[in-house]
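FYI, it's all coordinate maths here, none of it is from the lab. As the structure is a computational prediction, the values presented were derived from the model and not from experiment. Cβ sites come from the backbone with ideal geometry, for glycine too, and all protein chains shown count toward neighbours.
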Amino acid sequence: MSNYHDHLPILYDDIQDPVCVFEKSGDVHYCNEAFSTITGISVVRFLNRKVTVYNALKKLDGLDLNFSSVENFVQQSGIRICKYETKKNLRGLGQFSFKKFNYESSQQLYFLT
């Protein structure tokens, strides 16, 4: 049986919207070029676990991005328009949505679009 790693590149590599799949610790399992562009950090650095999503995307709506703030976003559900700031001091306004899903029944991952 194939896993989500097999399908995400096919689905999300060429779209304009940033996509990132990460775990509670912030380690990135997948991100597309659009996510890399808004954070200013290469996909390779994310996938080699040199940078976590929490290090790269520092703030959303003025709040530090961490596990607690991600859980808060998940609880609110839907798409939010937020100001963001990255580690490289890039700033902007974007639409963000966080979803939580279970992978292989034991690992919880987060899907950021």
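Of note:
- By other beta-carbon atoms within 10 Å, ranking Val53, Val44 with the fewest at the front produces Val44, Val53.
- Answer label, with log10 I(q)/I(0) by the Debye sum over Cα atoms at q = 0.12 Å⁻¹ calculated from the coordinates and candidates (1) -0.42; (2) -0.37; (3) -0.55: (2)
- Neighbour counts of C-beta atoms inside 10 Å place Cys20, Cys82 in the sequence Cys82, Cys20, starting with the fewest.
- Normalised by the number of residues in the chain, the mean separation of alpha-carbon contacts (under 8 Å, six or more apart) gives a relative contact order of 23 percent.
- Residues Leu47, Leu65, Leu60, sorted so that the one with the fewest Cβ neighbours within 10 Å comes first: Leu47, Leu60, Leu65
- Loop-located GluC sites (Glu not before Pro) in the range 22-113, at most 14 other Cβ atoms within 10 Å (DSSP): Glu104
- The 3J(HN,Hα) values that the Karplus relation (6.51, -1.76, 1.60; θ = phi - 60°) gives for the range 40-55 are, in residue order, x, 10, 5, 4, 4, 4, 5, 5, 7, 6, 7, 9, 9, 4, 5, 6 Hz. Gly and Pro appear as x.
- Cβ-isolated cysteines (cut-off 4.7 Å), the chain: Cys82
- Cα-centre dipole for the range 19-112 with unit charges at Cβ (Lys and Arg positive, Asp and Glu negative), debye to 20: 280
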